[in-house]
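Each remark here refers to the structure printed beneath this line.
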Amino acid sequence: MRPDRPHIQVLSPRTWGEFGNYLAATRFSRVLRGAVDAEVTLLEAEPILPWLGEAGAEIRTISLESPDATARTRRYMALMARLQERFPAGFETAPSPEQIADLAPLTAHLRSTAPDVVVGTKGFLARLCVAAVRLAGLPTRVVSHVTNPGLLRLPLHRSPHPDLTLVGFAWAKEHLLAQTGGDPDRVQVVGPLVAQHDLRDFMTSESAAPAAGPWGGDTDSGRPRLIVFCNRGGDVYLELVHHIAEHHPDTDLVFVGYDDPGLARRAAAGAERLAHWRFHSRLTQAQYFDYIDRASRSPYGLLVSKAGPNTTLEAAYFGIPVLMLESGLPMEQWVPGLIHEHALGRACATPEDLFRTVDDWLTRPSAIETHKKAAIGFAESVLDQEAVARRIGAAVRPLLEAR
């Protein structure tokens, strides 16, 4: 690191949201490197604050083991309430002895590294950074990068104290200011980032079934092309794949049970006769972008997954409609509205609705084509990544110039 260059640290919890959150932090870090003249370091938060990993493990258990969306919401909100009680609104400015002890590893880390700017990719983490910077006696500026505006529904992730908060949508800024009464100049709307090529950090070569020839065969085939992506839980998606194999075998399908080889093998076990289908728990970069490319170039390409914001925006960026199942997690409750408002596809409240819609769309694939046109229009008007990068640079640069 050159001593004359400012240093930005991006801290991100890998276990809070698993695939999507750290992927968003990776993308954000790369954008910063191109947008400002600074050294940018991306770090996982859990090695610094192990108790964040314990909370992340509980989130994963809630996601995987809750019997239904209602139970998932109840259990998740109970965890958020416990953390909010432990770190109530305003603790950043006058932490208690117990909070100081909880923050001690983060305070020591920041004191030893002394970044000019530290970015938290969860609002809660940014709040912890505000307190730790003050305890360390540093001039470090704190940025809260809101990777999922749905988290602003939770008091745990809201604060007026970061020097800068970056949000993707104007309504997120309005909501945050209405709830915290903060300074409007310290909340900037930069637009949503999508992961794009940063998926290379997550896709390694591990496949539950050998790839014998290109997925989907002929690129110009008129068959629907489905990518079923499952990154938490999976019995519903497993049943869906087996249902499609029985009732709609004349489709091209790839199943990704992310980081779950057992799930991918179970999915493949129900479709042995469909040699052109593919099943993975990890992908090479080449495999992933071949699948995305073929789905995006097909008039009937479709992504099936849970209604997560990053997954939805990623699909829209590539012009792929989505068929989503609502997760029951409160920070994702805004995503169905986004999907329906912009006709990006459909978000289903129940597995039964998901199965009905799959049957309808695969029987009448022109419905997929209609949503594809809408997704392309949304991407062109909202997801211009060069414009988002320029806005991020313009927002962060004054913090570096003032050091």
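What the chain shows is 40 Å² of accessible area per residue, with the surface traced by a 1.4 Å probe over protein heavy atoms. Taking amide H as placed 1.01 Å from N in the peptide plane, the amide H of T165 sits under 5 Å from that of S144, V187, Q188, each at least 5 places away or on another chain. Couplings for the stretch 92-108, taken from phi via the Karplus curve 6.51 cos²θ - 1.76 cosθ + 1.60 with θ = phi - 60°, read 4, 8, 8, x, 6, x, 5, 5, 4, 5, 4, 8, 3, x, 5, 4, 5 Hz in order; Gly and Pro are left as x.
Across the stretch 231-288, the mean sequence separation of Cα contacts (distance under 8 Å, 6 or more residues apart), normalised by length, yields a relative contact order of 37 percent. Largest mean-square fluctuation among A375, A295, A38, in a Gaussian network model of the chain whose springs join Cα atoms under 10 Å apart, belongs to A38.
Here the spin labels are modelled as points 7 Å beyond Cα on the Cα-Cβ line, and at A94 and R74 they lie 3.8 nm apart. Relative to the Cα centre, the charge distribution of the stretch 39-84, modelled as +1 at Lys and Arg Cβ and -1 at Asp and Glu Cβ, gives a dipole magnitude of about 340 debye.
Heavy atoms only, probe 1.4 Å: what % of the accessible area of the stretch 15-105 goes to carbon and sulfur, would you let me know? Using a 1.4 Å probe with all protein chains present, the stretch 15-105 comes out at 57 percent carbon and sulfur. Among S327, S96, S281, determine the one that fluctuates most according to a GNM of the chain built with springs between C-alpha atoms less than 10 Å apart. It is S96. If R0 is 30 Å, the Cβ-Cβ spacing of T350 and L83 corresponds to a FRET efficiency of close to 0.50.
The GNM of the chain, with springs linking C-alpha atoms under 10 angstrom apart, assigns the highest mean-square fluctuation among P67, P299, P139 to P67. Relative to the longest principal axis of the Cα atoms of the chain, helix 170-180 runs at roughly 40 degrees. Mean residue ellipticity at 222 nm, helices only, the chain: -15000 deg cm²/dmol; runs of at least 4 DSSP H residues each add -39,500 (n - 2.57), and the sum is divided by the number of residues.
Between D37 and A108, the FRET efficiency estimated from the beta carbon spacing at R0 = 30 angstrom works out to 0.60. Among the protein heavy atoms, those of H109 account for about 30 Å² of accessible surface (1.4 Å probe, every chain in place).
When the chain is described by a simple charge dipole with +1 on each Lys and Arg Cβ and -1 on each Asp and Glu Cβ, the residue from L400, L42, V256 located farthest towards its positive end is L400.
Taking Cα pairs under 8 Å and at least six residues apart, what relative contact order does the stretch 282-403 come out at, in percent?
24 percent
When only alpha carbons are used to place a centre, the stretch 129-162 and the stretch 247-264 end up 39 Å from one another. Note on exposure: Y317, Y300, Y237 ranked by accessible area (1.4 Å probe, complete protein assembly) read Y317, Y300, Y237, with the most exposed listed first. Taking amide H as placed 1.01 Å from N in the peptide plane, R14 has its amide H under 5 Å from the amide H of A45, E46, each at least 5 places away in sequence or on another chain.
One chain, two ends: A402 and Q179. Fully extended at 0.36 nm per residue, the span grows by 77.4 nm beyond their Cα-Cα distance.
Working note: Karplus 6.51/-1.76/1.60 with θ = phi - 60° gives the stretch 44-60 the couplings 6, 7, 5, x, 7, 10, x, 5, 5, x, 5, 5, x, 5, 5, 4, 4 Hz, where Gly and Pro are set to x. For the stretch 24-90 versus the stretch 288-324, the spacing of their alpha-carbon centroids is 25 Å. In this simple spin-label approximation, E239 and A57 carry label points 7 Å from Cα along the Cα→Cβ vector, and these lie 3.1 nm apart. Under the classification rounded if a/c is under 1.5, otherwise prolate if a/b is larger than b/c and oblate if not, where does the stretch 1-112 fall, given a ≥ b ≥ c as square roots of the Cα gyration tensor eigenvalues? In terms of gyration-tensor shape, oblate.
The values are calculated or read from the model by the stated rules, or taken from the named source; none is laboratory data. Please read these numbers as outputs of a predicted model, since none were measured by experiment. With ideal geometry, Cβ positions are generated from the backbone for all residues, glycine too; neighbour counts draw on all protein chains shown. Note: accessible area is taken over every heavy atom of the protein model, side chains too, but ligands, DNA and RNA are not part of it. Shrake-Rupley method; radii C 1.70, N 1.55, O 1.52, S 1.80 Å.
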